[in-house]
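A.B. asks: My questions will all concern the structure given below.
Here, each number is a calculation from the coordinates, and none is a lab measurement. In this text, all values refer to a predicted model and were calculated from it rather than measured experimentally. Neighbour counts are summed over all protein chains in view; Cβ atoms, including those assigned to glycine, are modelled from backbone coordinates with ideal geometry.
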Amino acid sequence: MLDEKAREKLRTLTVDLILALRAEYLRSSHGNVLKHWEQLETRLRVAAATSGSPEEFATRYSRGLQLVALSKAGSQALIELADTVRELGSPTEWFRMLDEETAYLMALARKSAEQRADARAEATLSREAIEEAAKKHGLLEE
C-alpha cells in the first residue's frame, strides 16, 4: 500500500504527463480548445482501464488523443512517471489511484494550467509596465 507521500508524488508526476499531453494535443490539428478537458479525461479513463504499465498507458493515452509522438516534455514526464511507479513497485496501486482519483487529477491539471496562464499574463503585464515607464522617462524610444 502506498503512503500519502508516495501517492502525492505519483499524483504530481501524473499531472505533469497530463499537462504535457494537453499541450501537444492543443498544438495538434485534432485539438479542440472548447472540449479538450473533456477529451483528456475521457481518454485518460480509457487508457487507464486498458493498460498494464505506465508506458502502455501513455501510449494508449497519446493514441487516443491522436498524437503522433511525444514531445521532449512529454517524454521526460513519462520517463519520470514510469521510473517512479517501478521504483515504488506499485503499478496496480497507481492504476487504482487513476481510477479512484481521475476527477481530482484533472482538477489539479486544470489548476496548474490556469496558474501557468496567469503567470504568463502577469509577466506580460510587467514587461509592458516596464516599457511604458522607460518610454515615459525617455529611456526607450517608441
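A.B. asks: Any chance you could list the semi-axes, whole Å, largest first, of the equivalent ellipsoid that the Cα gyration tensor gives for region 1-85, using √(5λ)?
C.D. replies: So the equivalent ellipsoid measures 22, 13, 12 Å along its semi-axes.
A.B. asks: Right, another one. Relative to the longest principal Cα axis of the chain, at what angle does helix 4-27 sit, 0 to 90 degrees, rounded to 10?
C.D. replies: 60 degrees
A.B. asks: If you work out Cα extents along the principal axes in Å from the coordinates, which of [x] 48, 34, 21; [y] 64, 36, 25; [z] 40, 31, 30 do you get?
C.D. replies: [y]
A.B. asks: Please list, in order, the residues from region 1-19 whose amide nitrogen is less than 12 Å from a point placed 7 Å along the Cα→Cβ vector of Q115.
C.D. replies: 12, 16, by backbone N distance to the label point.
A.B. asks: For a quick check of your reading of the filter: which trypsin sites (Lys or Arg not before Pro) in region 26-98 sit in a DSSP loop and have no more than 15 other Cβ atoms within 10 Å? Working shown, then result.
C.D. replies: Details: sites: R27, K35, R43, R45, R60, R63, K72, R86, R96; in loops: K35.
In loop regions of region 26-98 (DSSP not H, G, I, E or B), the sparsely surrounded trypsin sites (Lys or Arg not before Pro) are K35.
A.B. asks: Express the Stokes-Einstein translational diffusion coefficient of region 57-116 in µm² s⁻¹, to the nearest whole number, given a Kirkwood radius over alpha-carbon pairs, 20 °C and a viscosity of 1.002 mPa s. Walk me through the intermediate numbers first.
C.D. replies: On the way: Rh = 13.0 Å.
Estimated diffusion coefficient is 165 µm²/s.
A.B. asks: Round to the nearest 10 and give me the degree value, 0 to 90, for the angle of helix 91-136's Cα axis relative to the longest principal axis of the chain.
C.D. replies: 10 degrees
A.B. asks: Taking only DSSP H segments of four or more residues, each worth -39500 (n - 2.57), what value at 222 nm results for the chain once the sum is divided by all its residues, to the nearest 500 deg cm²/dmol? Please list the in-between numbers first.
C.D. replies: On the way: 5 runs with 112 residues, N = 142.
Value at 222 nm, helices only, nearest 500: -27500 deg cm²/dmol.
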